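Take a look at the structure below.
The values are calculated or read from the model by the stated rules, or taken from the named source; none is laboratory data. Since the model is a prediction, treat every value here as computed from it, not as a measurement. Note: ideal-geometry Cβ built from the backbone for every residue, glycine included; neighbour counts use all protein chains shown.
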Amino acid sequence: MNTAELCALAQQAGEPAYRGQQIARWLYRRGAHAIGEMTDLARPLRAKLEEQYQVGRAPVVARQRSRDGTVKLLLGLADENGAGGQTVETVGLPYPRYLSCCVSTQVGCPVRCAFCATGMSGYTRNLTAGEIVDQVLTVQESARENPPPLDRVSHVVFMGMGEPLMNYDATVKAVRLLNSEAGIGMRHLTVSTVGYVPGIRRLAQEGLQLTLAVSLHAPNDHLRQQLIPTMTRWSLDEILDACRAYFQRTGRRLTFEYCLLAGVNDGVPEARELARRLRGLNCHVNLIPYNPVGKLGFAAPSPLGVRAFREVLERAGIVVTQRAQKGSDIDAACGQLRRRVAAEKVEAAPTLAYEVSHDRV
């Protein structure tokens with residue numbers, strides 16, 4: 001709940017509206033794990049709230065820390081009956097001047113890109129906005145437990161498990177909560193999509209000054225369909241048209257993510273074709289050298305290959321960045337999230353069947 005909803009809740013309980021503001025501070029700024037910790041609320045109010053509502057954190061099932069300081073947490077989720085259910089991974093990424101959190105929006109992923117670990121265990125369900133925000137608050141607490149801490153998450157990327165725009169309502173509500181309640185700047189929030197066109201067009205209407213990152217991974221439809229076989233409904237032209245509309249509506253420069261796979265999409269011809277595709281777009285390209293995943297059959301490009309690809313784009317006037325590799329030694333890098341504790345149970349399982357509806361978000 002946001003502050004307005006909490007104020008309404010307080011008034012429904014016969015309390016002044018400002019009690020809702022106090023509850024919001026406890027939830028989002030002080031990190032309360034229980035209503036009983038909210039000591040500036042009267043005991044009768046706390047008792048009344050405890051009868052109807054829960055606050056707290058998802059339990060940390062497993063925790064891994066990388067040599068570079070990256071922290072990966074496996075969080076236990078409650079099912080509809082409140083009992084222990086699924087798990088999801090989230091990652092804390094420390095940089096010299098800030099702490100970023102990579103959040104998941106779904107348990108598993110229905111898109112199942114050919115080079116990504118997340119889809120290997122199939123798709124189970126969407127996360128709620130509360131479960132998404134919980135990841136950020138839990139990563140923040142985890143960082144404070146391990147000095148020298150960056151004591152506050154200031155950047156959040158919706159790039160973990162799942163396709164955020166296929167869980168549209170929860171994703172957008174989580175964005176608003178992180179901005180208005182947790183105090184994270186809207187321009188420090190990035191939503192990544194594999195090119196889900198209805199979600200891109202809908203997000204453009206929200207008027208949010210967040211960063212939209214679109215995962216292309218190929219310069220043409222033929223290759224993209226091989227790498228992302230479940231997303232064939234929209235061509236690259238249709239995806240880029242939606243991106244142009246997004247820029248026209250928001251004025252926000254677009255980010256295009258491109259995972260470089262050795263011998264697949266990392267050649268100079270592919271770079272030239274990508275440059276032609278993006279000509280005239282206000283954008284930058286974020287190159288992501290492939291992070292190894294099990295037996296998927298892909299390999300990372302050579303440093304010389306990455307440099308050659310980058311130089312082609314830069315000569316075409318495109319701004320290029322390269323994703324800093326963080327957490328690969330604990331399978332926390334881009335494309336490696338997989339709910340590791342459960343991985344042994346699904347490694348040898350048959351391919352899971354699932355159906356994606358493109359008619360609704």
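Considering the stretch 184-204, the residues that are in a loop (DSSP other than H, G, I, E, B) and touching a Ser or Thr at 6+ places or on another chain (Cβ under 9 Å) include one that is nearest to S215 (Cα to Cα), namely V194. Restricted to the stretch 93-129, and to residues there that are touching a Cys at 6+ places or on another chain (Cβ under 7 Å) and in contact (Cβ under 8 Å) with a residue 24 or more places away in the chain, the residue that is farthest from S66 (Cα to Cα) is Y123. In the set (1) in a helix (DSSP H, G or I); (2) farther than 21 Å from N282 by Cβ; (3) in contact with a helix residue (DSSP H, G or I) (Cβ under 9 Å, 6 or more places away or on another chain), the condition left unmet by I239 is number (2).
Checking each residue in the stretch 32-60 for being touching a residue at least 60 places away in the same chain (Cβ under 8 Å) and touching a helix residue (DSSP H, G or I) at 6+ places or on another chain (Cβ under 6 Å) picks out R57, A58.
Checked against the criterion of being over 17 Å from Q135 (Cα atoms) and either surrounded by 21 or more Cβ atoms within 10 Å (Cβ to Cβ) or outside the structural domain of A143 (by TED's automatic domain parsing) (or both), the candidates R97, R46 yield just one match: R46. When the residues of the stretch 62-86 are filtered to those that are polar (S, T, N, Q) and modelled with pLDDT of 75 or more, the one that is farthest from S100 (Cα to Cα) is Q86. Of all the listed residues (V268, V285), the sole one being crowded, with 19+ Cβ neighbours inside 10 Å, under 23 Å from A114 (Cβ atoms) and β-branched (V, I, T) is V285. Screening the candidates G36, G76 for the property of being touching an Asp or Glu at 6+ places or on another chain (Cβ under 9 Å), surrounded by 14 or more Cβ atoms within 10 Å (Cβ to Cβ) and over 30 Å from L261 (Cβ atoms) yields one hit, G36. Taking the criterion of being surrounded by 17 or more Cβ atoms within 10 Å (Cβ to Cβ) and under 18 Å from the mean Cα position of the chain (by Cα), the residues of the stretch 205-227 that qualify are L208, L210, T211, L212, A213, V214, S215, L216, H217. Within the stretch 169-182, the residues that satisfy the criterion of being more than 12 Å from L137 (Cα to Cα) and either of a type in the set (K, R) or outside any helix (DSSP H, G or I) (or both) are K173, R176. The residues of the stretch 95-107 that are modelled with pLDDT of 90 or more and out of contact with any Pro (no Cβ under 7 Å at 6 or more places or on another chain), listed by number, are Y98, L99, S100, C101, C102, V103, S104, Q106, V107.
Looking across L281, L287, L208, one residue alone is assigned by TED's automatic domain parsing to the domain that holds E141, of a type in the set (A, V, I, L, M) and either in contact with a strand residue (DSSP E or B) (Cβ under 6 Å, 6 or more places away or on another chain) or in a helix (DSSP H, G or I) (or both). It is L287.
All conditions but one from (1) surrounded by fewer than 19 Cβ atoms within 10 Å (Cβ to Cβ); (2) more than 30 Å from A300 (Cα to Cα) apply to H188; the one that does not is (2). Of all residues in the stretch 12-25, at least one satisfies being among the charged types (D, E, K, R) and more than 34 Å from the chain's Cα centre (by Cα).
Check the stretch 123-144 and report whether any residue there is in a loop (DSSP other than H, G, I, E, B) and surrounded by 22 or more Cβ atoms within 10 Å (Cβ to Cβ). So far as the stretch 123-144 goes, yes, one or more of its residues are in a loop (DSSP other than H, G, I, E, B) and surrounded by 22 or more Cβ atoms within 10 Å (Cβ to Cβ). If you scan the stretch 2-19, which residues turn out to be under 14 Å from L177 (Cβ atoms) and either at pLDDT below 95 or assigned to a helix (DSSP H, G or I) (or both)? Those that are under 14 Å from L177 (Cβ atoms) and either at pLDDT below 95 or assigned to a helix (DSSP H, G or I) (or both): T3, A4, E5, L6.
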